[in-house]
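The values are calculated or read from the model by the stated rules, or taken from the named source; none is laboratory data. Keep in mind that this is a model prediction, so the values were computed, not measured. Ideal geometry is used to build each Cβ from the backbone, glycine not excepted, and the neighbour counts take in all protein chains shown. When the accessible area is computed, the model is the full protein with side chains, heavy atoms only, and any ligands, DNA or RNA have been set aside. Shrake-Rupley method; radii C 1.70, N 1.55, O 1.52, S 1.80 Å.
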Amino acid sequence: MNSIESYEKDIELQPSFLKLFKPQKPLSASHQKNALFSGSGDSLVSSLLAESFSGGIVKAMDPLDLYNNKKLTKSKHVYFVSVSGNTISNIKVANIAKKSTAITSNPISRLADVSDQIIQLNFPSTGIFTAGSISFLESALTCISLVKKITIPDGAIFQKAKSDAKKAKLSKRIFVLGNMFTFPIAMYCAAKFYEVLGYDAHYCRIEQFSHMELFSAKKGDTVIIFEEKNNHTKQLEQCLKNIGMNIIYPDVPFKKLDQIFFCTFFSQMIALYEAKKKKMKECHFVVAKNIRNVSNQMIY
């Protein structure tokens, strides 16, 4: 099985997995005030979702920033999100944190070994090296459920995201825009474009796009908007169309948690369908061995 086939199979495992997923019990308000969430890549996205759904009570931070500012960890309970449990920056910070919990799929990892507590992720997978999908879904929902009681929706959102993603047409330069809750998923979406396709993608907040990234945009570039339709975003959509931009504005649900599910599935599948259109057999990051070697040297 190649990495694109594996990526697709992992994506398709998600609806059945959600029927079995057990959310965490939310932390108390006082505990949340004393909590930091930290991770890298997809795991930083999960951490940012905890921050958003807590209403800003918990904070999400880059692990290297925490390591270089050690005083921030001396009085905090740090929740380290790492599927592998082997990313070195997390391990270094866990060694100096007052209290630490590892959110990981690997209970015998180096991170688990130096942490005070473990929340184990139990997602199924094909076991083939590929871009993260179901692993991210479980880590994201685990982080959100630690700060807010959640209810898992039915499978209709998955099917709607799949349908919308199939219709989307991309250029090779992409801007993904999100709100307070979907901005982390805009980051995740850009990551799928990097990992699966090697595309030039950017993620930003809806408001900030008009202040900054817009000035680097060119006719024909793609802008994806992750927010329920409203007057502000409809105006943005029309203005961008008027100057020749390619706009992808899926029908994002109104409820905030539903937005996360929809935008996550949409992000996974829009990258998958683009790869299939290009008849790719392997994810870009799998075949870009020199680049992946640099990544491995830096993060492990």
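Summary table
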read-out	value
Descending semi-axes in Å of the range 203-272, equivalent ellipsoid built from Cα gyration tensor	21, 14, 11
Separation of alpha-carbon centers, the range 267-300 and the range 185-226, rounded to whole Å	18 Å
Protection-proxy order for peptides 14-26, 133-145, each taking the mean of Cβ atoms within 10 Å per residue, highest first	133-145, 14-26
Of all accessible heavy-atom area on the range 151-210, the percent that carbon and sulfur account for (1.4 Å)	54 percent
Table column - 3J(HN,Hα) (Hz), the range 273-285, Karplus curve with 6.51, -1.76, 1.60, x for Gly and Pro	5, 5, 4, 5, 4, 7, 6, 6, 9, 10, 5, 3, 6
Surrounding net charge for Ser3, when Lys and Arg each add one and Asp and Glu each subtract one, Cβ distance under 11 Å	-3
Choice from His202, His31, His77 with maximal GNM fluctuation in the chain (Cα, 10 Å cutoff)	His31
Protection proxy ranking of 249-257, 178-186 - average other beta-carbon atoms within 10 Å, highest first	178-186, 249-257
3J(HN,Hα) from dihedral phi, the range 254-259, Karplus parametrisation 6.51/-1.76/1.60, rounded to Hz, x for glycine, proline	7, 5, 5, 5, 4, 4
Sum of side-chain charges, Val83 neighbourhood, beta-carbon under 13 Å (Lys, Arg +1; Asp, Glu -1)	-3
Residues whose placed amide H lies under 5 Å from that of Val78, excluding near-sequence neighbours	Leu36, Lys99, Ser100, Thr101
Computed helical MRE - 222 nm, the chain, DSSP H runs ≥ 4 contributing -39500 (n - 2.57), nearest 500	-13500 deg cm²/dmol
Estimated inter-spin distance, Ile299 and Ile243, nm [label 7 Å along Cα→Cβ]	3.3 nm
Most mobile listed residue (Ser216, Ser105, Ser38) in the chain, GNM with C-alpha springs under 10 Å	Ser216
Potential extension, Gln117-Lys277 segment - 0.36 nm per residue separation minus Cα distance	53.2 nm
Pairwise label distance in nanometres, Ile108 with Lys289, each label 7 Å out on the Cα-Cβ vector	2.9 nm
The chain, Rg to Rh (Cα coordinates; Rh as Kirkwood inverse mean 1/r)	0.96
